[in-house]
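Right, one structure below, let's go through it.
Quick note: the coordinates plus some simple rules give every number you see, no bench work behind them. All values derive from a computational prediction rather than experimental measurement. Reconstructed Cβ throughout: ideal geometry from the backbone, glycine too, with neighbour counts over all protein chains shown.
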Amino acid sequence: MDPLSGASSATYVTGPPPEKRSSELNMATFLRLLTVQLSTQNPLEPMNDRDFFAQLAQLGQVQGMETMQTAMAAQQAATLVGKTVVASDVATGGIVEGKVESVKFRAGKPSLVVATARGPVEVELGFVQEVKA
């Protein structure tokens with residue numbers, strides 16, 4: 001059963017990981033932009049309070065979105081425990097197929113520990129190409 005749609009499907013394909021777009025706004029980029037804006041503003045005409053608080057509210061939204069994305073990725077990884085996956089192995093450039101034993105987090109990103117004939121292999125969630133029932 002597909003955990004997202006509720007459809008009973010034996011196999012579904014997730015595809016290659018999406019490329020990170022340079023136009024994405026994350027917390028570090030937002031803080032850098034705000035710092036540059038504050039340091040280069042005209043001291044005789046500083047930013048008004050309303051604009052400053054609006055930008056602080058946007059900062060909170062960006063942080064909330066990052067937290068939500070991390071939580072969603074963790075949940076998606078947890079649903080794969082016990083399932084057989086096919087994934088790209090970045091270390092060897094090949095394909096890995098096996099049962100997901102556990103989930104580890106590296107720098108806040110989930111990676112799956114996949115049991116293969118060669119032993120356990122760690123694969124980033126974004127490199128999963130197929131999930132089998």
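If you find the alpha carbon centre of the range 47-90 and of the range 105-133, how far apart are they in angstrom? The two parts, judged by their Cα centres, are 20 Å apart.
Highest mean packing comes first when the peptides 37-50, 57-70, 104-117 are listed by Cβ atoms within 10 Å, giving 104-117, 57-70, 37-50. Across the range 24-132, Cα-Cα distances exceeding 26 Å account for 43% of all pairs.
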